[in-house]
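S.K.: Encoded as structure tokens, here's the structure I'll be asking about.
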């Protein structure tokens, strides 16, 4: 590791470019003169390409002169630029245009062959609800089971990720996952993110990315918010079940200041609904967001943002299938109608991006989060307490402070380029009064089972190098993470800090071969990890602190014609340890080794100028290695899933989509004696957009299908039952739901 860092540091000290025909340029949005980040620049007829950086700038080596550069960005008209070796610096202005699949290139996507698909999907079917935010990632499923206020349950690549155990989620590079959380390790509540503010969804499947650390095993997702908004917006939505949502987005500086490189806006969102349940959810959430981005000369940019979320809800909770079958309750009834909760989160971030002398690129980000959480649940009803029931309160207050930083430099040769990166950072969580208490009707405390303070630190450094030579791209890196877990148990006599620390190295190696400008092949490999809950770590005296995940992807991305984009991958993952979260006991029980493998297929097709089709099919085969056949199923792990639909964008303001999602039956327990029931749900949407207004109609569950959203195999007992029963418990998916919206732009 030390050798790698020294070599990287040497690269960063080199100031000369070895390329004889190095072309530098910048890509600008012609509409508002702001830089376009992530625009694709490709040599016409060749396989070499690159992406514009945070300033819209790029560098590319040409082997002969003259050549034509093709510059493209989803949602903008493609532009061809003729250049020679005598051109020093070029400026490319891209004009907004109708979204077309031809704007999506595969030669300039660097590591993530499928990543740029999210740009296309986001343009064609922008998300406008918190439930849709994560669904933009191909192959990812979610389930909500606490009235819209609790973080979604996540499924990806044969994983039941609970609320975020094995997927690293960030917003503008700020961590969303909560380690050592009161409800579950890696708990990732994204409800502080206003969907209309999403600009880019950056994602990757597998543990192959050096800059992603804890919880990056099944993959990662980073949501980047917009630096500016085109116009002020007022939006009002209303629908079934007393649903209301209002949104305001306001430019704070005006167009003249934006042209000078300074942009700022603010947004406020308020939402409420009763949901389809017999006991109203009384759900309400308030979101505030503001962001400033400034460009100073051509060397520095500063981004400052602040957000706040406050949410409160009542929930009917999961119910046993046998109670519905007997007619004692309906699908939308409750066993314990006093479940629910409250949560709030405040975020602040400052990010400085700099172009230093000799072509060195640096960014540093400081972030802070204040978080409060209080959740009332009842998973087993009257199993443990036949008189008063098994309701529990899980509660915590938390402060997070951290730093993300990276320094990079690229060197160019005649037919090659070499980019080196060094990254560093830390995160510190101070968690106050993390507790589990048995309660009755929320207000009466029956028994406190755990109470304490957690202090968890994570520091990291990584080195990463990418060599592009001809048709080959080779990326390798090493990441080192250090952790320190401190726990103070407030239920034991006397004061004692229980402390454990551990370090993990995570190597990565990835190879891409660009056959031509229509086809690329890739092989990705790497080791990732997830951290265990601090309370479990100290209780087990440091055993199984950072269990590893070993991953491999073999795949291809190709565009046989400009109107078709396909990605096909075989993947494999071996994990040292799984998690089983025991909600009633507030502990994480480690289980044995597991193996997963499967196939991912993604297809995007533009049938004509106005009709698009998307199709994602995912297969996974997950097994517990140390268990006998028939007893080796991984509960709730998905096998076959598919998401897709048709989207149209008319020339006269009419647009819409018809979408489906399919999840096959899957084992709910280890021996598959209880089955989590699969479903197919169809949604529809239509919008009419003009210069100053937009009207929309959304229908969820168009066919009014009875479907189970969240499902579990659980040992439970109802009030009248003498003995407990191992049964399927579930929360019902939303029935036929209609929502109208009106937006006004000014």
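S.K.: Using Cβ counts within 10 Å as a stand-in for footprinting exposure, how do 91, 437, 380 rank, fewest first?
M.R.: Starting with the residue having the fewest Cβ neighbours, the order is 91, 437, 380.
S.K.: Spin-label point model (7 Å from Cα, Cβ direction): what's the residue 591 to residue 543 distance in nm?
M.R.: 1.9 nm
S.K.: A follow-up question, please. Output needed for the range 222-377: three equivalent-ellipsoid semi-axes, defined as square roots of 5 times the C-alpha gyration tensor eigenvalues, in descending order, whole Å.
M.R.: Computed over the range 222-377, the values are 44, 19, 12 Å.
S.K.: Give me the number: length gained by fully extending residue 366 to residue 401, i.e. 0.36 nm times residue separation minus the C-alpha to C-alpha distance, one decimal in nm.
M.R.: This chain segment gains 11.8 nm when fully extended.
S.K.: Can you work out the FRET efficiency for the pair residue 255 and residue 384, with r the C-beta to C-beta distance and R0 = 51 Å, to the nearest 0.05?
M.R.: Efficiency, from the Cβ-Cβ distance: 0.25.
S.K.: Label the range 332-395 by shape, choosing from rounded, prolate and oblate, from the square roots a ≥ b ≥ c of the eigenvalues of the Cα gyration tensor; if a/c is under 1.5 it is rounded, and otherwise prolate applies when a/b is larger than b/c, oblate when it is not. Walk me through the intermediate numbers first.
M.R.: Details: a/c = 5.03, a/b = 4.58, b/c = 1.10.
Prolate is the answer for the range 332-395, as a/c is 1.5 or above and a/b outweighs b/c.
S.K.: Continuing with the same structure: Among 483-494, 211-222, what's the highest-first ranking by average C-beta atoms within 10 angstrom per residue?
M.R.: 211-222, 483-494
S.K.: For the range 192-280, what relative contact order do you get, as a whole percent, if you take Cα pairs closer than 8 Å and at least 6 residues apart?
M.R.: Computed value for the range 192-280: 22 percent relative contact order.
S.K.: State whether the range 146-236 is rounded, prolate or oblate according to the following rule on the C-alpha gyration tensor (a ≥ b ≥ c being the square roots of its eigenvalues): a/c under 1.5 gives rounded; otherwise a/b larger than b/c gives prolate, and the remaining case gives oblate.
M.R.: oblate
S.K.: Please state the shape class of the range 413-455: rounded when a/c is under 1.5, otherwise prolate if a/b exceeds b/c and oblate if not, all from the C-alpha gyration tensor.
M.R.: prolate
S.K.: Next question, about the same structure. Express the relative contact order of the range 117-745 as a whole percentage, based on alpha carbon pairs under 8 Å and six or more residues apart in sequence.
M.R.: In percent, rounded to a whole number, it is 11.
S.K.: Can you give the log10 of the normalised intensity I(q)/I(0) at q = 0.16, 0.21, 0.25, 0.28 Å⁻¹, computed with Debye over equal Cα scatterers of the range 670-729?
M.R.: Results for the range 670-729 at q = 0.16, 0.21, 0.25, 0.28 Å⁻¹ read -0.72, -0.91, -1.02, -1.11.
S.K.: State, to one decimal in nm², a quarter of the convex hull surface area for the C-alpha atoms of the range 695-746, i.e. the direction-averaged projected area.
M.R.: Working: hull surface 24.3 nm².
Hull-based average projected area comes out at 6.1 nm².
S.K.: Can you give the Rg and Dmax of the range 28-91 based on its C-alpha atoms, in angstrom?
M.R.: Cα radius of gyration and Dmax of the range 28-91 are 11.5, 34 Å respectively.
S.K.: Continuing with this model, one more query. Mind pulling the angle between the C-alpha long axis of helix 2-13 and the longest principal axis of the chain? Nearest 10 degrees, somewhere in 0 to 90.
M.R.: 40 degrees
S.K.: Continuing with this model, one more query. Give the calculated FRET efficiency between residue 610 and residue 432 to the nearest 0.05, with a Förster radius of 51 Å applied to their Cβ-Cβ distance.
M.R.: With a Förster radius of 51 Å, E is 0.40.
S.K.: While we're here: Could you work out the per residue convex hull volume over the alpha carbons of the chain, in cubic angstrom? Before the final figure, lay out each step's value.
M.R.: On the way: hull volume 110.3 nm³, N = 746.
Output value, Cα hull per residue: 148 Å³.
S.K.: Ordered by packing density, taken as the mean number of other Cβ atoms within 10 Å over each peptide's residues, highest first, how do 438-446, 559-567 rank? Before the final figure, lay out the partial values.
M.R.: Working: 438-446: 14.1, 559-567: 16.3.
Per-residue mean Cβ counts within 10 Å order the peptides as 559-567, 438-446.
S.K.: Please report, largest first and rounded to whole Å, the three semi-axes of the ellipsoid equivalent to the range 625-715, where each semi-axis is the square root of five times an eigenvalue of the C-alpha gyration tensor.
M.R.: Semi-axes from the Cα gyration tensor: 41, 13, 9 Å.
S.K.: Using all alpha carbons of the range 480-560, what is the percent of pairwise distances in each 5 Å bin, ordered from the shortest bin to the longest?
M.R.: Final binned percentages: 3, 13, 17, 13, 11, 9, 8, 8, 6, 5, 4, 2, 1, 1.
S.K.: How big is the gap, in Å, between the Cα center of the range 416-442 and the Cα center of the range 116-181?
M.R.: Using only Cα atoms to place each centre, the spacing works out to 17 Å.
S.K.: Follow-up question, since we're still on this one. By average Cβ neighbour count within 10 Å, what is the ranking of 46-55, 680-689 from highest down?
M.R.: 46-55, 680-689
S.K.: How much length, in nm to one decimal, is gained on full extension between residue 416 and residue 330, taken as 0.36 nm per residue of separation minus their Cα-Cα distance?
M.R.: Separation in residues times 0.36 nm, less the Cα-Cα distance, equals 24.4 nm.
S.K.: Also: Any idea how far the Cα center of the range 641-720 sits from the one of the range 340-400, in Å?
M.R.: Answer, in whole Å: 27.
S.K.: Length gain on complete extension for the stretch residue 746 to residue 515, per 0.36 nm per residue less the alpha carbon to alpha carbon distance?
M.R.: Working: separation 231, 0.36 × 231 = 83.16 nm, distance 4.76 nm.
Gain on extension, residue 746 to residue 515, equals 78.4 nm.
S.K.: If each of residue 342 and residue 673 carries a label point 7 Å out from its Cα toward its Cβ, how far apart are those two points in nm?
M.R.: Once both label points are built, they end up 4.3 nm from each other.
S.K.: Give the calculated FRET efficiency between residue 664 and residue 242 to the nearest 0.05, with a Förster radius of 30 Å applied to their Cβ-Cβ distance.
M.R.: Here the calculated transfer efficiency is 0.35.
S.K.: Give the Debye-formula value of log10 I(q)/I(0) at each listed q (0.16, 0.19, 0.25 Å⁻¹), with one equal scatterer per alpha carbon of the range 245-325, two decimals each.
M.R.: Values returned for q = 0.16, 0.19, 0.25 Å⁻¹ are -0.74, -0.87, -1.12.
S.K.: Rounded to a whole number, what is D in µm²/s for the range 236-279 from Stokes-Einstein with the Kirkwood radius over alpha-carbon pairs (4 °C, 1.567 mPa s)?
M.R.: Answer, rounded: 100 µm²/s.
Since every read-out is calculated from the coordinates, none of them should be taken as a lab result. In this text, all values refer to a predicted model and were calculated from it rather than measured experimentally. Cβ sites come from the backbone with ideal geometry, for glycine too, and all protein chains shown count toward neighbours.
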